[in-house]
Amino acid sequence: MAATKKAVLGPLVGAVDQGTSSTRFLVFNSKTAELLSHHQVEIKQEFPREGWVEQDPKEILQSVYECIEKTCEKLGQLNIDISNIKAIGVSNQRETTVVWDKLTGEPLYNAVVWLDLRTQSTVENLSKRIPGNNNFVKSKTGLPLSTYFSAVKLRWLLDNVRKVQKAVEEDRALFGTIDSWLIWSLTGGANGGVHCTDVTNASRTMLFNIHSLEWDKELCEFFEIPMKVLPNVRSSSEIYGLMKAGALEGVPISGCLGDQSAALVGQMCFQDGQAKNTYGTGCFLLCNTGRKCVFSEHGLLTTVAYKLGRDKPVYYALEGSVAIAGAVIRWLRDNLGIIQTSEEIEKLAKEVGTSYGCYFVPAFSGLYAPYWEPSARGIICGLTQFTNKCHIAFAALEAVCFQTREILDAMNRDCGIPLSHLQVDGGMTNNKILMQLQADILYIPVVKPSMPETTALGAAMAAGAAEGVGVWSLEPEDLSAVTMERFEPQINAEESEIRYSTWKKAVMKSMGWVTTQSSESGIP
């Protein structure tokens, strides 16, 4: 029996999903898109100073190896032959910046995470140098000058870390976002590792021209970044190199997408105007704008959605980014201790069914879209003697929904065609209270696939469809239909509007808390 089961499965594809709070490795059946097995490891975040967020690149790499080995063990227990795994895709937290030594393979500093705010003064100094009438940074990259993107993080490392400066002078330094660090390490590292990235990750560095699809000399000069440290830019679906160690040695790595692009692909949003929202550490709403760049008038980013093959066209997206979504739950757990596990928040919120006039603006890293206001900080307001931890839990969930509503409003204004429903995915979508709240606050149905791991699925699709692998068809008629769960709005529109406008009042109160601090100076 076991032997026939092995034969039935056909080609499998693995996906590394390296997120901000955890790493996963998942294995899919390329013919049915069914998830066969996976393993997950939580990743530590370090906060060396207020506003600083770092991770250990070696811990991230180790977690990838651990997830691959454990998943392969689990497949063995299911009598599934791992030699059927024909390709591996990589999806990653974006913008997080690593610089390492190409001779030793050692990181030269911790990874500076996308949420990190230490570059605030760098951003202020740079913005003085952009002519008011010609924001060439935004027109080339689609991005506002912000602490969020990699170029300013790399600039900070070059300015403040002697080991990084020295390695650049001696031509030993390589820069990459997490995808580059992982692919280089997995394909051999110091012994012939492939130093590359894909167009989606490159489009988040602020050094990449999203029209010509190349590193931009003028941008590199503006940020004073030496071009020799940058990875080669490739499409999101092609063979980059082969795994050099572990259970899957010899398997090609052939898909690479920043996590939000991966989720767009995994949700099958291949048509102009299709959109998805992913609820992870942050919240990211992307709308496919097809083969044209749409520039936002309302605080959204223009970004590369995907390019599924070397000779395939590039597709663009409008993106609304919220810094803090799942991270607010983690904060309630780790910093306030009002829940022991992330799942408990649903119980607390359910007990009260309302925030009782309490509003939570989790602007821990300033506000991202549509405000781009780095001076904002988190506030909880509308408290009375009656407020308890259940109300705060409910307000935290509502905050995620209100932030999504602000982005959806901006997107509807930019695209001119209001979305009729919202496709959702990500870890937090298991929370039914959150999904119902989201439908109520948006006042449109929220539609969730029964398999919420769409980020990993997107990376697997790109890897399996790559030239030279060819085990996954991306033709519309071959894509397997996904079963969906729908949440319909249940409150009246007027009540929804009142709650939303009160939230916006709270957002205004969160702004302007911080002036550039002295704590941003170099490392002691």
Between segment 195-217 and segment 54-113, the Cα center-to-center distance that results, in Å: 22
Hey, how many Å between the Cα centroid of segment 313-342 and the Cα centroid of segment 422-440? 13
Using a 1.4 Å probe and counting only protein heavy atoms, arrange Glu42, Glu59 so the residue with the most accessible area comes first. Glu42, Glu59
Sites matching trypsin sites (Lys or Arg not before Pro) across segment 262-349 that sit in DSSP coil, with at most 16 neighbouring C-beta atoms within 10 Å: Arg291, Lys292, Arg310
For the ranges 250-257, 505-512, what's the packing order if you count other beta-carbon atoms within 10 Å of each residue, average per peptide, and put the highest first? 250-257, 505-512
Restricting attention to segment 106-171, which GluC sites (Glu not before Pro) occupy a DSSP loop and are surrounded by at most 16 other Cβ atoms within 10 Å? Glu170
Length added when fully stretched, Lys44-Glu218, from 0.36 nm per residue minus Cα-Cα: 59.0 nm
With all protein chains present, calculate the accessible area of Leu103 using a 1.4 Å probe and round the result to the nearest 10 Å². 120
Each label point is 7 Å from the Cα along the Cα-to-Cβ direction; what then is the distance between the points at Lys166 and Glu297, in nm? 5.4
In square nanometres and to one decimal, what's the mean projected area of the convex hull around the Cα atoms of the chain? 23.9
Expected field for Ile417, accessible surface area in Å² at 1.4 Å probe radius, rounded to 10, holds 130
Charge dipole (debye, nearest 20) of segment 263-392; +1 at Cβ of Lys and Arg, -1 at Cβ of Asp and Glu: 300
Sorting check: for 465-478, 396-409, 152-165, which peptide has the highest mean count of neighbouring beta carbons within 10 Å, and how do the rest follow? 396-409, 152-165, 465-478
Determine, for each peptide in 19-32, 488-501, the mean count of other beta carbons within 10 angstrom over its residues, then list the peptides with the highest first. 19-32, 488-501
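The values are calculated or read from the model by the stated rules, or taken from the named source; none is laboratory data. This one's a predicted model, so the numbers in the text were calculated from it and none came from an experiment. Every residue, glycine among them, receives a Cβ derived from its backbone with ideal geometry; neighbour counts consider all protein chains shown. Side chains are part of the model used for accessible areas, which takes the heavy atoms of the whole protein and leaves out ligands, DNA and RNA. Shrake-Rupley method; radii C 1.70, N 1.55, O 1.52, S 1.80 Å.
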